[in-house]
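Encoded as structure tokens, the structure appears first; notes follow it.
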Amino acid sequence: MTSFPDFADAPFGPLNQHMAKVKECVALVRPMFDSLIDGNHTGIEEHAQRIFRLEHEADVIKNEIRDQMPRAFSLPIFRGDLLAYLKLQDALADTVEDIAVVLTLKNLPVPGSLSGDLKSLVAKVLEVCDLLFQCTDRLKELRERDLTGPMATEILELVSRAEHAEWEADKLEYTVSKNLFRLTDADIHPTDVYLWSKVLMELGGLANHADKTAERLRRMIAR
């Protein structure tokens, strides 16, 4: 069984342990799409299997946190806020798993006209996630500052940047989707259009979950 820090002393500790697994999942998104664009279906399957394992490990930690989390903290944060934050954080790993599932349903070809836009979309989505990770990497340092001071201000600025990056990701998703539906039957099989729509939707969802997690963190700090 995983050993967790004392919640009364450092309630963000267990959340950071869970986030470490989430980050490992997200880190596999780019290489998985690189394999997809290169037509390396073996690579896609290998990355997907690692994602499935990591998502399960994240779930185990999530459940341990829920079981062990006390109802009072030395920090001015409500138990409900922390549990809501945990749920949003866990949604990132769930979404990465969903992307991996779709990409392993069949050997999905990448239309040449979409590859450049797809790379840009993946990069922007991961930018949103990275801004969230920069926030969470600073959480341990808030313990002594009681959620105030320069570190809290820095986190709030990162949250604002994440919001803007998520908006940019939304625009890119829309552009790629429009380009997808401009393709003819000669360019792409009709069933692949459905799968690509699902992939794009899940990518957008990953950016959205990262943004919502950052926003929840802002609400906890600014309370």
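Can you tell me what the convex hull of the Cα atoms of the stretch 12-222 projects to on average, as an area in nm²?
Details: hull surface 45.2 nm².
Computing the convex hull of the Cα atoms and averaging its projections yields 11.3 nm².
Highest mean packing first, where packing is the average number of other Cβ atoms within 10 Å per residue, the peptides 54-61, 91-98 line up as 91-98, 54-61. The helix-only estimate of mean residue ellipticity at 222 nm for the chain, built from DSSP H runs of length n ≥ 4 each weighted as -39500 (n - 2.57), is -27000 deg cm²/dmol after division by the residue total. Please list, or write none, the lysines whose alpha carbon is within less than 29 Å of the alpha carbon of K23, excluding same-chain residues fewer than 8 places away. Counting by Cα, and skipping residues close in sequence, K23 has these lysines nearby: K62, K87, K106, K119, K124, K140, K171, K198, K212. Straightening the chain between D67 and S160 buys 30.2 nm, computed as 0.36 nm per residue apart minus the Cα-Cα spacing.
A simple spin-label model places pseudo-atoms 7 Å from Cα toward Cβ; at D187 and M201 they are separated by 2.1 nm. Taking Cα atoms only, the orientation of helix 112-137 departs from the longest principal axis of the chain by about 0 degrees. Between helix 150-182 and the chain there is an angle of about 20 degrees, using the helix long axis and the longest principal axis of the Cα atoms.
The ranking of H47, H164 from fewest to most other beta carbons within 10 Å of each one's beta carbon is H164, H47. Model label sites at R219 and H41, defined 7 Å from Cα along the beta-carbon direction, differ in position by 4.4 nm.
Give me the extension gain from R138 to K178: residue separation times 0.36 nm, minus the current Cα-Cα distance, reported in nm with one decimal.
Between R138 and K178, full extension yields an extra 10.6 nm.
For R138, no residue 5 or more places off, or on another chain, has a built amide H under 5 Å of its own. For the Cα atoms of the chain, what angle does the longest principal axis make with the long axis of helix 12-27, in degrees from 0 to 90, nearest 10? It is inclined by approximately 10 degrees.
Bear in mind these aren't lab numbers, they're just calculated from the coordinates by the rules spelled out. Keep in mind that this is a model prediction, so the values were computed, not measured. Here the Cβ is made from the backbone with ideal geometry for all residues, glycine too, and neighbour counts use every protein chain on show.
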